[in-house]
Amino acid sequence: MNIRAKNINVQKNNAGILFPAVNRIFLIFFLSLSSVFYTQKWSPEKIDRLQDKIGSQYLQEGRIHDGIEQTKKAIQLSEEINYTKGRARGYIHMVNFLHSLGKYSEEQVYLQKAESLYYTFDDDPALLSAFFAAYGKNYHELGLIEKSNESFDKALKEALKIKDKQRKRKRLHYIYGNKAINFGLIGYNDSMYYYIHKAYKILPRVVEATNLTSYFLENKKNLDSAKFYLREAEGLLKNSTEPFDYLVFNYMSGQYYENIKNYNKALEFYEKSLALSIKMNRPKNMMKNYKEIAEIYNLQNNVYKANEYLQKYTKIRDSFEKGNLIALQTSGKKIIDDEKKQIQESNKKWYYIIAGLFLGVTILIVLLSIAYYKKVQKKDLLLKENTTAILQKDLQVKVLEQKVNETFDEIIQLAKKNHPEFWGRFQEVYPDFRSRILSINPTLKVSELVLTAYIYLGFNTKDIANYTFKAVQTIKNNKYNLRKRLNIPAQEDIVVWIRNQTG
């Protein structure tokens, strides 16, 4: 019994030693396995796939805020494993999302973050191309077209080195499309057409087809060619699942029908484009649609609707201008800093040349020093000109802000109150109106000019009588006399006639 009890105690003691040891082995194995799984979960390849999905899906579908959250997640995951390319790519994605929201000053923060990591991806043509293209878009929105084209040229140089053919085609397509827009803004129509067509040839898409439609509408005034490319866009739209394609197609359809004076059809397409702009949270497209809708209602003599959409357009435009002012100041500082860096780099090169030739060729050193001094002077002059241009741009923005309150609604309210300032304010907003009317009949009285202003604004006889505290018959007689004084044919609508003469 004693021997048996002793054996049992020994077994218990051995078990007590064995089980904790086994538990420790399992714990170490589990932690090691977890570590492996954790590393695999957030590997660079996994982050790359996540970012590719973000870049191709969220932006195209208009899920901007979802894309921003996913991009922040990708940046955080990259930071956890010290994956600098992942961080840089994430910053560039943030730039693209913020750009679509019109937050140009915020996107510059992420551009600078990406630039601080430049040395980590200067061997990656795809990432370099995306980086330079992002700067190109930012400069474009701020009106710095020359700097924008310089950035897109750098992006193009890197894009040509991309080995993946599909990615290379998409990037070239994107760059050519943006260069076309830049050349259109500065009036280089042949270059604009060249790059639009080049982008369309590489990758036929709805956006390029609508850009070609716009080119033939605005630059060539060729309705047949415009209609042809609009139909091409409609055909491509059948195979598209991207909301942005529908947005631009509807907008360009509105442009086409507005040009052929089918205003109801144009309004229908602009409303569709506006709804998609709001859904995709694209304020710049919203602003363009508000402006076009206001113009359509104005052409239809619907003053109140025109004013409603004009106010919406003005509100977004003012927001953009304020943001652009801040972004422009930041860009101006960067341009000046870049110029200084170029001068410093140039200085180093010249110093090396001078040092190398100093012992042997004294005369040559003198000549090179003179050339160097002139070059520095020229660059300093260019630097000052850039600074002056930025300050002038700042001043223009402030002038625009001061004119925001001179809106159509203010004129309407002054007219309704028969305010003594109405005629003076009306002339400020429509400075050519008085001279054009007087060129038809210089003997018109002020009261007759004021009546033409009321008619121009779309008020009917009853409204004018009510606002000016006169009898309806009196206004009818005044309008009849005005017709005779201006020689307006009896079959002509007086509102349309006056607008045609003063527009």
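Remark: spin-label model distance Asn239-Asp190 equals 3.4 nm, labels positioned 7 Å along the Cα→Cβ axis. Shape class of the stretch 162-219 from the Cα gyration tensor (axes a ≥ b ≥ c, square roots of the eigenvalues): prolate, since a/c reaches 1.5 or more and a/b is larger than b/c. Modelled this way, with points 7 Å down the Cα-to-C-beta line, the labels at Lys284 and Thr443 are 5.6 nm from one another.
The Kirkwood radius of the stretch 227-293, taken over pairs of alpha-carbon atoms, gives through the Stokes-Einstein law at 37 °C and 0.692 mPa s a diffusion coefficient of 277 µm² s⁻¹.
Taking a ≥ b ≥ c as the square roots of the eigenvalues of the Cα gyration tensor, the stretch 415-503 is oblate, since a/c reaches 1.5 or more and a/b is not larger than b/c.
As a calculated quantity, the FRET efficiency between Leu160 and Asp48 at R0 = 30 Å, using C-beta atoms, amounts to about 0.85. Across the stretch 470-478, computed HN-Hα scalar couplings (Karplus, 6.51 cos²θ - 1.76 cosθ + 1.60, θ = phi - 60°) run 10, 6, 4, 5, 4, 5, 4, 5, 4 Hz from first to last residue, x flagging Gly and Pro.
Label-to-label distance, Thr474 versus Thr120, with points set 7 angstrom from Cα along the beta-carbon direction: 7.9 nm. For the pair the stretch 125-154 and the stretch 261-286, the centres of their Cα atoms are 28 angstrom apart. With the Cα gyration tensor of the stretch 43-178 giving a ≥ b ≥ c as the square roots of its eigenvalues, does the rule (a/c under 1.5 for rounded; else a/b larger than b/c for prolate; else oblate) give rounded, prolate or oblate? Here the stretch 43-178 falls in the rounded category. In the structure shown, the pairs Lys103/Lys227; Lys201/Lys227; Lys417/Lys462; Lys221/Lys265 are assessed against 25 Å; a Cα-Cα span above that value is assigned to Lys103/Lys227.
Which FRET efficiency value, to the nearest 0.05, is calculated for Ile370 and Asp463 with the Förster distance at 60 angstrom and r the Cβ-Cβ distance? Given R0 = 60 Å and the Cβ-Cβ separation, E is 0.20.
Bear in mind these aren't lab numbers, they're just calculated from the coordinates by the rules spelled out. If you're wondering where the values come from, they're calculated on a predicted model, not measured in any experiment. Note that each Cβ is placed from the backbone with ideal geometry, even for glycine, and that neighbours are counted across all protein chains shown.
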